[in-house]
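First the structure, in the form of structure tokens, and then the observations on it.
The values are calculated or read from the model by the stated rules, or taken from the named source; none is laboratory data. Note that the coordinates shown come from a computational prediction; the quantities given were computed from them, not determined experimentally. Counting neighbours? That spans all protein chains shown, and the Cβs are built from the backbone with ideal geometry, glycine included. Surface accessibility is based on the protein's heavy atoms, side chains included, excluding ligands, DNA and RNA. Shrake-Rupley method; radii C 1.70, N 1.55, O 1.52, S 1.80 Å.
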Amino acid sequence: MSVAQENTPAQRGDLNDQLIASDWWNDQMVQAAGIPIVDVPFVTIGGGIGSFVTTDYLRIAGVPTEHIRVLSNIDHPWQTYEYLTRVSQIPRPERIRSDSASRPDNIWGFPSYAIEEAWREKKLKTAIQVFLEPMWRDFYTPKAGMVFGHLEREAKRIRYWDMLVKGQVRMIRRRQGGGYFTILTPPEGAATTKRVAFRSQYVHVAIGYPGLKYLPDLQEFRTKMQDFHHVVSAYEDHEHVYNQLRTRPGTVLIRGGGIVASRVLQRLMDDRRKYNTNVQIVHLFRTFISSSHGKNAWNRRKGGNGFAYQGFNYPKSVWGGQLKSKMRRLEGNERAVAYDEMGGTNTPWRRSWQADMKEGRDQGWYRLMQGTAESMAVAPDGRIVTTVKTQQGPFDVAADFVIDCTGLEADIAEHRVLKDLLDHSGAGRNPKGRLDVERSFELRGTASAQGAIYASGSPTLGGYFPGVDTFLGLQVAAQEIADDLARRGFCKKIGPARSVSQWLKWAKNTQI
């Protein structure tokens, strides 16, 4: 909805100027606008894997389905994630970048993906791999299809779809007297009014990535030329690039040095071998890593040929070791500095992939560049010419396709719900510019009497727990939230006895 639309007289059952301008609402204001109110104790917004994992913990902790509502515009929790993995060249048969025990469908992490895969496929080497990683074997990671299949199994077990309400969340406002109103715009024809208000004591925000942000030269070119065919983001569907390269020779410019860049590169190399394509690849790195790097011997990451290598998004100790403990003690700028020391794009080191890249470099069809792209233009032959600023001076790279893998995230204020939280609900920013949360993942500054807003996932990066946008990170956040809700009396604490009994139900696939 545009600002102009919101300033026009609202229809009954819609937001009016008083509601839009007010930081605190009361029941009479909502009723006067004709917006129906639905009472439910706990609301989670987003409907992705962050919402799912948190809901899973609460159901295991004994919260009935009628006390939870998932407000989402997607049909199943893995829908957005599967789209992003697919377009970034990780279809269901391929392996994602996740630890064997990081199971969003299984809060206990046992049995791990590796053990289950070994059992189902009768391959002992899969189980042995996790005991030999990373010294003598590559890190084990699960297949995307396996992850999605198990998520569906667990969703059915906890009756996820009994809690799902389809629609687009518009805003969250604090309620006078305690709790919150969450405004949902249902699908057309699904309700008698344009908006529905969910009145709850607790709200969980798990919207995932606020959006993509293109580098300035890419954004300028796409806006000016309206060319979304030859200049694409790796996070949008770009299968046409690979299809065209199968039929005739071409040059591709890859921009970025993280996991998505490595997957795009792998796809191009696989197609070159499988279909005998004559693709030429130019790989542009803004930051070129030539060797191991880090501030000291205890904080070093392997690197070479442009890439920084690391098995997972973060060092493993952020999930339960010394680094996790350290981060929980840091405040302000000290925490921001610690994030910067851990930061930087990286990708796993894979033996087969290293061999493919070496072959490409030796044969000359895979070339590396370090520099910053300054502008893009269309050449007379229709190819895209990127002017790159290098240490040796400007250099022009002509390519048939440009694939941007930088993966820059938009500012959180570009998401409408997050902006509204910042403007009207007391939410603030952490040292890295994202949502400021407590150690319990309560959104700092948003309390409403005994009510609380929690947030997890990418928008909270920069808080006391670093690995927030990973499977295990979402589970850690969900456990902290469930424990805090147990302290508030909303649900039972998942203690040893309950944990064992609930794991047995999980193992038997008993619906709860």
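Of the conditions (1) over 30 Å from GLY311 (Cβ atoms); (2) at pLDDT below 95; (3) of a type in the set (Phe, Trp, Tyr), PHE471 satisfies every one except a single condition; which number is it?
(1)
To keep it simple, each residue is scored yes or no on (1) within 28 Å of the chain's Cα centre (by Cα); (2) open to solvent by 40 Å² or more (accessible area, probe 1.4 Å).
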{"position": "ARG383", "(1), (2)": "no, yes"}
{"position": "ASP396", "(1), (2)": "no, yes"}
{"position": "VAL402", "(1), (2)": "yes, no"}
{"position": "GLU409", "(1), (2)": "yes, yes"}
{"position": "GLU414", "(1), (2)": "yes, yes"}
{"position": "ALA427", "(1), (2)": "yes, no"}
{"position": "ASP436", "(1), (2)": "yes, no"}
{"position": "GLY445", "(1), (2)": "yes, yes"}
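This table checks each residue for (1) open to solvent by less than 50 Å² (accessible area, probe 1.4 Å); (2) at negative phi; (3) outside any loop (DSSP other than H, G, I, E, B).
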site: VAL63; (1), (2), (3): yes, yes, no
site: GLU66; (1), (2), (3): no, yes, yes
site: VAL70; (1), (2), (3): yes, yes, yes
site: PRO77; (1), (2), (3): yes, yes, no
site: THR85; (1), (2), (3): yes, yes, yes
site: PRO91; (1), (2), (3): no, yes, no
site: ASP99; (1), (2), (3): yes, yes, no
site: SER102; (1), (2), (3): yes, yes, no
site: ASP105; (1), (2), (3): yes, yes, no
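In the stretch 41-61, which residues are aliphatic (A, V, I, L, M) and open to solvent by less than 10 Å² (accessible area, probe 1.4 Å)?
Initial filter on the stretch 41-61 (aliphatic (A, V, I, L, M)): 43, 45, 49, 53, 58, 60-61.
Matches in the stretch 41-61: VAL43, ILE45, VAL53, LEU58, ILE60, ALA61.
So which of PRO93, PRO36, PRO77 ends up being under 23 Å from the mean Cα position of the chain (by Cα) and over 29 Å from GLN479 (Cα atoms)?
PRO93
Given the stretch 302-373, what strands (runs of 3 or more DSSP E) lie entirely inside it while holding 2 or more residues that are small (Gly, Ala, Ser) and either crowded, with 20+ Cβ neighbours inside 10 Å or out of contact with any His (no Cβ under 9 Å at 6 or more places or on another chain) (or both)? Break it down into steps so the answer makes sense when it comes.
Values: elements: 302-304, 307-309, 366-370.
Of the strands (runs of 3 or more DSSP E) lying wholly inside the stretch 302-373, those with at least 2 residues that are small (Gly, Ala, Ser) and either crowded, with 20+ Cβ neighbours inside 10 Å or out of contact with any His (no Cβ under 9 Å at 6 or more places or on another chain) (or both) span 302-304.
Tell me, which residue of the stretch 451-465 that is assigned to a loop (DSSP other than H, G, I, E, B) and closer than 16 Å to MET327 by Cβ is most open to solvent (accessible area, probe 1.4 Å)?
The residue in question is LEU461.
Select from the stretch 131-160 the residues that are part of a helix (DSSP H, G or I), free of Cβ contacts under 8 Å to residues at least 60 places away in the same chain and open to solvent by 40 Å² or more (accessible area, probe 1.4 Å) and list them in ascending order. I'd like the intermediate steps shown before the answer.
Taking the stretch 131-160 first, the residues part of a helix (DSSP H, G or I) are 131-132, 144-157, 160.
Filter once more, keeping what is free of Cβ contacts under 8 Å to residues at least 60 places away in the same chain: 131-132, 145-146, 149-150.
Hits for the stretch 131-160 are PHE131, LEU132.
Does the stretch 43-58 contain at least one residue that is more than 30 Å from PHE471 (Cβ to Cβ) and not in a loop (DSSP other than H, G, I, E, B)?
So in the stretch 43-58, the residues more than 30 Å from PHE471 (Cβ to Cβ) come out as none.
The answer is no, given that none of the residues of the stretch 43-58 is more than 30 Å from PHE471 (Cβ to Cβ) and not in a loop (DSSP other than H, G, I, E, B).
Can you tell me which residue in the stretch 131-169 is farthest from the chain's Cα centre (by Cα), limited to those that are modelled with pLDDT under 95 and of a type in the set (Ser, Thr, Tyr)?
Among residues in the stretch 131-169 that are modelled with pLDDT under 95 and of a type in the set (Ser, Thr, Tyr), the one farthest from the chain's Cα centre (by Cα) is TYR140.
So which residues in the stretch 221-238 are out of contact with any Leu (no Cβ under 9 Å at 6 or more places or on another chain) and either under 14 Å from ASP404 (Cα atoms) or open to solvent by less than 20 Å² (accessible area, probe 1.4 Å) (or both), if there are any at all? If you could, list the steps in order and put the result at the bottom.
Of the stretch 221-238, the ones out of contact with any Leu (no Cβ under 9 Å at 6 or more places or on another chain) are 221-230, 232, 234, 237-238.
Hits for the stretch 221-238 are PHE221, ARG222, ASP227, PHE228, HIS229, HIS230, VAL232, ALA234, ASP237, HIS238.
Give me the pairs, please: first residue somewhere in the stretch 488-509 and surrounded by 10 or more Cβ atoms within 10 Å (Cβ to Cβ), second residue anywhere and part of a loop (DSSP other than H, G, I, E, B), beta-carbon distance under 6 Å, and either six or more positions apart or on two chains.
Pairs found: CYS491/ALA61; CYS491/GLY62; CYS491/VAL63; LYS492/ALA61; LYS492/GLY62; ILE494/ALA61; TRP503/TRP108.
Looking only at residues that are under 14 Å from PRO36 (Cα atoms), outside any strand (DSSP E or B) and of a type outside the set (Ser, Thr, Tyr) in the stretch 175-196, which one is most open to solvent (accessible area, probe 1.4 Å)?
Going through the stretch 175-196, the residues under 14 Å from PRO36 (Cα atoms) turn out to be 181-186, 190-196.
Filter again for outside any strand (DSSP E or B), leaving 186, 190-195.
Subset that is of a type outside the set (Ser, Thr, Tyr): 186, 190-191, 194-195.
Values: PRO186: 22, ALA190: 72, ALA191: 42, LYS194: 100, ARG195: 7 Å².
Applying the filter and picking the extreme gives LYS194.
Yes/no per residue for (1) more than 20 Å from TYR235 (Cα to Cα); (2) touching a Gly at 6+ places or on another chain (Cβ under 9 Å); (3) in contact (Cβ under 8 Å) with a residue 60 or more places away in the chain; (4) acidic (Asp, Glu):
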| position | (1), (2), (3), (4) |
| --- | --- |
| LEU368 | yes, yes, yes, no |
| GLY371 | yes, no, yes, no |
| LYS389 | yes, yes, no, no |
| PHE401 | no, yes, yes, no |
| ASP404 | no, yes, yes, yes |
| ASP411 | no, yes, yes, yes |
| ALA427 | yes, yes, no, no |
| PRO431 | yes, yes, yes, no |
